[in-house]
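Please read the structure below before turning to the comments.
The values are calculated or read from the model by the stated rules, or taken from the named source; none is laboratory data. On a predicted model such as this, the values are computed, not experimentally measured, just so you know. All Cβ positions, even for glycine, are placed from backbone atoms using ideal geometry, and neighbour counts span all protein chains on display. Note: accessible area is taken over every heavy atom of the protein model, side chains too, but ligands, DNA and RNA are not part of it. Shrake-Rupley method; radii C 1.70, N 1.55, O 1.52, S 1.80 Å.
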Amino acid sequence: MTLIADLLWSLYFLLSAALDALLGRNRRRYVTSVEIKAPRDVVWEVSSAHSIVFEGPPRLEIDTALRPGTTDVYEGTVRVGDNVVPMVYREVESRPREALLIEVMKEGSAPTIAPGHDYFVACKFDDRPQSTLLTMVHELTHDTFLSRVLVPLGARLNARRLRKHCENLVGTASDTSGGKLGSALITGLLTYASFIYLFDWHFAAVLLALLVVHEAGHALAMRWVGLPVQGIYFIPFFGGVAVSAAPHRSEAERGFVALMGPGFSLLTTGAFLIGARLTGEELFMHLALVSAILNGINLAPVLPLDGGHVIDSAMSGSDPDIKAAVNMLALIAGVGVSVYFQSYVLTALLVLTAPMLLRSGKGLRRAAPITPAGRSWLIAGYLATVAFYVAVIAHYLA
């Protein structure tokens with residue numbers, strides 16, 4: 001299945017990256033082949049386009065044009081989700097319908113676009129019965145360890161994205177709804193197994209059920225604001241994520257969707273409290289406490305937690321350097337708290353987000369800024385939700 005294959009490939013690339021770094025091999029070549037149920041002309045047009053939009057998630061927009069005074073250098077931007085970064089590349093060779101070779105220029109491109117130097121990408125197009133075989137070769141000298149993992153994974157995912165786009169154009173794309181459900185079930189089972197490893201099966205089932213409610217809140221919020229829902233997926237040892245099939249159109253939307261995970265869980269937490277009061281059963285109070293802790297931690301103002309997205313959206317009109325500083329201070333505090341409570345999975349996640357926080361606010365965003373009224377409502381809702389969960393925890397501990 002696709003999900004299992006992706007997990008295995010990720011593990012393979014991680015191990016290969018570690019071995020290459022150990023042996024000092026910096027120059028690497030990655031070959032990806034994908035069979036596309038579309039004519040070669042269509043695959044060529046899509047692959048060689050200088051401006052194109054690929055639907056998500058996340059949505060990818062490439063918009064480039066010839067640099068003035070040149071005949072082979074293109075410059076412009078790449079938008080992935082909400083972030084817009086610069087890109088410059090040189091068209092080294094172009095043989096229509098046969099092959100294409102470009103050099104991604106380090107000077108003028110964002111590090112995410114050119115994560116190394118002497119970076120070349122070649123494409124070869126071959127006819128197959130009722131399809132086209134596209135072979136892509138990425139070759140570069142790595143500058144960082146992270147790029148050793150991200151480049152081959154990105155090449156694999158982008159080839160799949162290109163295949164989907166071409167097949168959508170000619171009407172040969174297959175229905176993926178079953179795949180989405182399968183991915184949700186598999187990730188859910190893997191997460192449940194990871195919780196059983198950490199706790200007993202009863203508590204693992206409770207945690208997974210609370211996660212489903214939490215992520216359903218995000219999905220419902222996406223629907224309310226008119227965003228298509230790609231699916232709900234679970235992350236072993238950590239939690240879950242609801243993915244939108246399109247980027248949010250405003251910072252108010254982003255903040256609202258982030259807040260509605262813990263916000264929707266207010267209903268179940270409140271129901272547990274009512275059940276505890278009406279029946280006197282300690283079990284209901286325990287369930288309310290677990291729900292309060294789970295959602296309360298998620299409201300911590302640290303990216304990539306929901307609370308971090310809410311605060312980041314509320315601060316979207318602030319100076320980028322101030323935003324980055326606030327996010328970094330929150331990260332340091334979050335790491336300290338997670339270490340104190342020995343939540344090392346959360347510690348690892350927060351540390352991995354440090355590069356994102358350092359760049360927070362540095363990229364261009366096309367999402368509409370939040371209004372003063374929207375900021376006030378968002379912060380008020382955030383504080384009220386935090387206060388509710390803190391009150392539940394305090395009541396239990398009293």
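Here are some notes:
- Residue in the range 97-108 that is open to solvent by less than 70 Å² (accessible area, probe 1.4 Å), within 20 Å of LEU169 (Cβ to Cβ), of a type in the set (A, V, I, L, M) and under 28 Å from the mean Cα position of the chain (by Cα) present: no
- Every listed requirement among (1) more than 30 Å from GLY171 (Cβ to Cβ); (2) within 28 Å of the chain's Cα centre (by Cα) is met by ILE52 save one, (1).
- Selection status of GLY69, at pLDDT below 95, surrounded by fewer than 19 Cβ atoms within 10 Å (Cβ to Cβ), at positive phi and more than 24 Å from the chain's Cα centre (by Cα): yes
- Residue list for the range 124-150, filter: of a type in the set (A, V, I, L, M, F, W, C) and buried (at least 20 other Cβ atoms within 10 Å of the Cβ): PHE125, LEU134, MET136, LEU140
- Boolean, LEU22 is of a type outside the set (Phe, Trp, Tyr) and modelled with pLDDT of 95 or more: no
- Within the range 200-226, residues that are at positive phi sit with their Cβ atoms under 9 Å from residues that are of a type in the set (Lys, Arg) and open to solvent by 20 Å² or more (accessible area, probe 1.4 Å), at 6+ positions apart or across chains, in these pairs: GLY226/ARG249.
- Selected residue [within 30 Å of SER33 (Cβ to Cβ) and in a loop (DSSP other than H, G, I, E, B)] from ALA173, ALA159: ALA173
- When the range 115-151 is filtered for residues that are assigned to a loop (DSSP other than H, G, I, E, B) and either touching a residue at least 60 places away in the same chain (Cβ under 8 Å) or over 24 Å from ARG163 (Cβ atoms) (or both), the ones remaining, listed by number, are GLN130, ASP143, THR144.
Residues are listed down the side, and each one gets a yes or a no for (1) surrounded by 17 or more Cβ atoms within 10 Å (Cβ to Cβ); (2) at pLDDT 80 or above; (3) not aromatic (Phe, Trp, Tyr):
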| residue | (1), (2), (3) |
| --- | --- |
| ASP175 | no, no, yes |
| GLY179 | no, no, yes |
| GLY188 | yes, no, yes |
| ILE196 | no, yes, yes |
| ALA204 | yes, yes, yes |
| GLU215 | yes, yes, yes |
| ALA221 | yes, yes, yes |
| ALA258 | yes, yes, yes |
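- Condition check for ALA300: part of a helix (DSSP H, G or I) and open to solvent by less than 50 Å² (accessible area, probe 1.4 Å): no
- Selection within the range 24-44 - closer than 22 Å to GLY116 by Cα and assigned to a helix (DSSP H, G or I): none
- Identity of the residue in the range 45-64, part of a strand (DSSP E or B) and touching a Gly at 6+ places or on another chain (Cβ under 6 Å), that ends up least open to solvent (accessible area, probe 1.4 Å): THR64
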